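Peer 1: First, the structure itself, so that you have it in front of you.
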Amino acid sequence: MPLLPLAILFAVIALGCAATLLVHAFRRSVGTGMMVLLIPCYMPFYAFSQFEHRRKGLIVAGFMSCSVLAAVFLGLGLHGVAALTARPPLPSGF
């Protein structure tokens, strides 16, 4: 259960990095911004090829790594919650 707060933390960090990428894409052009917003595979492509920022490495690494870590911790945390809730039922006499 202590993995779920970590999943939330990494998801918030990834969301902040994704918002930075999205704002940059919309400032570049509306078409590029819509592609980054609506096509899931285009955001990493845009981040590596067209995104130019003085902290590009930190933002792109934060987005990619925190997205993966949030997914892993969310999966592990929900697996733990499912294991806790999958208890055998009590006998009907109690």
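Peer 1: Check whether at least one residue in region 61-69 is of a type in the set (A, V, I, L, M, F, W, C) and more than 20 Å from the chain's Cα centre (by Cα), and report yes or no.
Peer 2: For region 61-69, residues of a type in the set (A, V, I, L, M, F, W, C) and more than 20 Å from the chain's Cα centre (by Cα): absent.
Peer 1: Among what's in region 59-79 and is exposed (fewer than 14 other Cβ atoms within 10 Å of the Cβ) and small (Gly, Ala, Ser), pick the residue that is modelled with the highest pLDDT.
Peer 2: Among them, the one singled out is ALA61.
Peer 1: Being open to solvent by less than 40 Å² (accessible area, probe 1.4 Å) and either assigned to a helix (DSSP H, G or I) or of a type in the set (A, V, I, L, M, F, W, C) (or both), is that true of even one residue in region 48-58?
Peer 2: Within region 48-58, one or more residues are open to solvent by less than 40 Å² (accessible area, probe 1.4 Å) and either assigned to a helix (DSSP H, G or I) or of a type in the set (A, V, I, L, M, F, W, C) (or both).
Peer 1: Does region 13-47 hold any residues that are under 16 Å from PHE73 (Cα atoms) and open to solvent by 90 Å² or more (accessible area, probe 1.4 Å), and which are they?
Peer 2: Passing the criteria: only LEU15.
Peer 1: Same structure again: Condition check: in contact (Cβ under 8 Å) with a residue 12 or more places away in the chain, assigned to a helix (DSSP H, G or I) and of a type in the set (Val, Ile, Thr). Does VAL68 satisfy that?
Peer 2: It is false that VAL68 is in contact (Cβ under 8 Å) with a residue 12 or more places away in the chain, assigned to a helix (DSSP H, G or I) and of a type in the set (Val, Ile, Thr).
The values are calculated or read from the model by the stated rules, or taken from the named source; none is laboratory data. Computed from a prediction, not measured in an experiment: that's the story for all the values here. As a convention, Cβ positions derive from the backbone with ideal geometry for all residues, glycine included, and neighbour counts pool all protein chains shown. To get the accessible areas, we keep the full protein, side chains included, count just its heavy atoms, and leave off ligands, DNA and RNA. Shrake-Rupley method; radii C 1.70, N 1.55, O 1.52, S 1.80 Å.
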